[in-house]
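Written below as structure tokens is the structure these notes are about.
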Amino acid sequence: MAINTSQRVDGAYLARNARKLIRQLRSMPLERNVRIAILGGSTSHEVAVFLEVLLLERGFDPVFWHSEYGRYWEDGALGNDELDEFSPDLIHIHIGSKNIRNWPDLNASEDEAEAAARAEIANLAQVWDGLQSRTRAVIMQNNFELPDVRILGNFDAVHPAGQVGFTERLNALLAAEVRKRPYLILNDVRYLSARMGLDNWYDPGRWFSYKLATTPQASAELAFNLAALIVARYGQSKKVLVLDLDNTLWGGVIGDDGADGIVIGRETPRAEAYTHFQDYVRRLRQRGIVLSVASKNEDATAREGFAHPDSVLKIEDISSFKANWEPKPGNIEAIAHELSLGLDSFVFADDNPAERSLVASQLPMVAVPEIGDDASDYVRALDRRQYFETVSLSYEDLARSAQYAGNAKRNELQARFADYGEFLASLEMKAEAGPFRPAYLERIAQLTGKTNQFNLTTKRYSLAEIQAIAEDPVYITRYIRLSDRFGDNGLISVAIGRLEAGTLHLDLWLMSCRVLKRDVELLMLDELTMAARTAGSSTLRGYYFRTPKNKMVARHYENLGFKFLLGTDDASEWELPIANYSIRNRHIRVGGIPQPAK
């Protein structure tokens, strides 16, 4: 069900239709339950209703708990039994500039203003610490929009006690706290309100009458931003951008105009618009978004465009390249197969409305933004939809594009071998494997939140829970990092086993799909079995819980020789005696891998 345009969510439409949309969306299949507590410094129900619509549209089934108006500090720092009993997965601290308590007087010195800012952040830290001591929830914290008025005019941004300058200092201190606290996610109200304009963000009448700190449109923008963060928290942001070429990455038709005739560069406004879009796409690649091409062109001709001296993107930036005369939906499916990624992680950008319509109708799980045909609008059309939202940025994220480019080289190499074992040996794989290490805990928690396909139980763990498990002797934990002759794949597999009465119960087993069929699962089984035997266990017990996205591992335990115990296609238990177990990995050498640069 389409709710949003390509550039913004319509607050007036949501206000009129939210209840009807909720009823309609709740009649459709939903993939994930999520419990959200909102601690409000202002009235929060409008934002929650809009957020419910937007999450339902994305397959989430949200349940909300609200604090009483203005009690966000008391409920967070001092505790609330109802909140604790609700046991939220996520907590949104819904505050803004109206909730700043420590505004300095205009006669305050710079040191006094700084002390007031730090006291404000210390008040919030009491809320975070209190919530962390009582819940497993991730906290989504608003920062502060600029004040509606400037007592000092433009000098308000200069004077240390000016409200504009003070707010900016608060936001800088808050960002520093988020960097230090992995469980804390910033909801960037400062940016949203600046993009909308403060006169469109805040309505004094709504504040004085209802203690609503935002207009309906601002509430919609805020809810859209929160929905994007929640989707990212659960690993469902988009990962792949599929690009058309002619009149999308450059102006003109390369087959007709030739490489020298395409429009790119900075000589004209139109050329500069295409350059601006390519630069945006290149920066997406730098932060880990995988780039691919689906173009109706001759392959060799299409590649010539990337050799143009003004092209920002180069052919090596493209992880999968499909230029032919076949329908684009089929090419996109081929790209998904080549990358071992689900189509629901894809975004397709094409200037041609007929191609967009075809892909949207035949591949409804692919996001198809209405970017139009004016290159000057392409960046905004993609950026406003927040397809590629992230709540953290790890070494693995930054290296992802290079890792998928390495996969293309591996696929080329595989084609030269008749024997698959010889191919695996030729990769010269080596792994680092062992119990969870402090340096990897944040990455491990991130993987549990975002891995959906090769994930036997799809259990999600917060960083605090991963830390507790790593220190608990009841649990056996294992991670695997993998590298080969084409590069470092990063930390790509995680397992958690629980010791009980001579059996190791495998509560979690997940792996990145980009290393499928490389014997990593055999290495993980070896690691778990050896650790279990050392701990005195005689069997492994594996569990499979089917979701719409993990059907690929339905026969995982069967393929590894586990015996079926009980269950159905939706949930099953498997067992493997390990007294006479022999090592199965034959192609991965286990040893240290050089650490990524910090």
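The table below gives the values:
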quantity	calculated
Some residue of the stretch 56-74 being in a loop (DSSP other than H, G, I, E, B), surrounded by 15 or more Cβ atoms within 10 Å (Cβ to Cβ) and touching a Pro at 6+ places or on another chain (Cβ under 7 Å)	no
Candidates G235, G205, filtered to the one that is surrounded by fewer than 21 Cβ atoms within 10 Å (Cβ to Cβ) and within 30 Å of F321 (Cα to Cα)	G235
Subset tally (residues that are modelled with pLDDT of 95 or more, outside any strand (DSSP E or B) and either of a type in the set (F, W, Y) or out of contact with any helix residue (DSSP H, G or I) (no Cβ under 7 Å at 6 or more places or on another chain) (or both)) for the stretch 336-351	1
A531 vs. criteria more than 25 Å from G449 (Cβ to Cβ), out of contact with any Pro (no Cβ under 7 Å at 6 or more places or on another chain) and either not in a helix (DSSP H, G or I) or not acidic (D, E) (or both)	no
The stretch 113-141, residues that are within 14 Å of V178 (Cα to Cα) and of a type in the set (D, E, K, R)	D129
Residue satisfying all of: in the stretch 81-107; within 31 Å of the chain's Cα centre (by Cα) and either outside the structural domain of R150 (by TED's automatic domain parsing) or in a loop (DSSP other than H, G, I, E, B) (or both); nearest to Y234 (Cα to Cα) among these	D89
Test: residue in the stretch 126-141 that is within 19 Å of I100 (Cα to Cα) and free of Cβ contacts under 8 Å to residues at least 12 places away in the same chain	no
Check on R19, assigned to a helix (DSSP H, G or I), modelled with pLDDT under 95 and either β-branched (V, I, T) or farther than 30 Å from G372 by Cβ (or both)	yes
Residue tally, condition out of contact with any Pro (no Cβ under 8 Å at 6 or more places or on another chain), at pLDDT below 90 and surrounded by 17 or more Cβ atoms within 10 Å (Cβ to Cβ), over the stretch 484-512	4
One residue from D246, D256 being assigned by TED's automatic domain parsing to the domain that holds D350 and at pLDDT below 95	D256
From the options R541, R546, residue that is closer than 26 Å to N452 by Cα, touching a His at 6+ places or on another chain (Cβ under 6 Å) and basic (K, R)	R541
Residue, modelled with the lowest pLDDT, within the stretch 412-428, restricted to residues that are assigned to a loop (DSSP other than H, G, I, E, B) and more than 17 Å from G487 (Cβ to Cβ)	A415
Top-ranked residue of the stretch 443-481 - restricted to ones that are in a helix (DSSP H, G or I) and of a type in the set (G, A, S), ranked as surrounded by the fewest Cβ atoms within 10 Å (Cβ to Cβ)	A468
Enumeration of residues in the stretch 144-164 that are within 17 Å of G96 (Cβ to Cβ) and surrounded by 17 or more Cβ atoms within 10 Å (Cβ to Cβ)	F144, E145, L146, P147, Q163, V164
Filtered residue count, the stretch 496-523, keeping only those that are within 25 Å of the chain's Cα centre (by Cα), farther than 23 Å from E422 by Cβ and not hydrophobic (A, V, I, L, M, F, W, C)	2
Tally, over the stretch 283-295, of residues that are outside any strand (DSSP E or B) and surrounded by 15 or more Cβ atoms within 10 Å (Cβ to Cβ)	4
Extreme residue, surrounded by the most Cβ atoms within 10 Å (Cβ to Cβ), among residues of the stretch 558-578 that are closer than 30 Å to Q236 by Cα, touching a residue at least 24 places away in the same chain (Cβ under 8 Å) and not charged (D, E, K, R)	W574
Pairs, first of a type in the set (S, T, N, Q) in the stretch 501-527, second in a helix (DSSP H, G or I), C-beta under 8 Å, six or more apart	S512/L447
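The values are calculated or read from the model by the stated rules, or taken from the named source; none is laboratory data. Please read all numbers here as calculations on a predicted model, not as lab measurements. Positions of Cβ are backbone-derived with ideal geometry, glycine not excepted, and every protein chain shown enters the neighbour counts.
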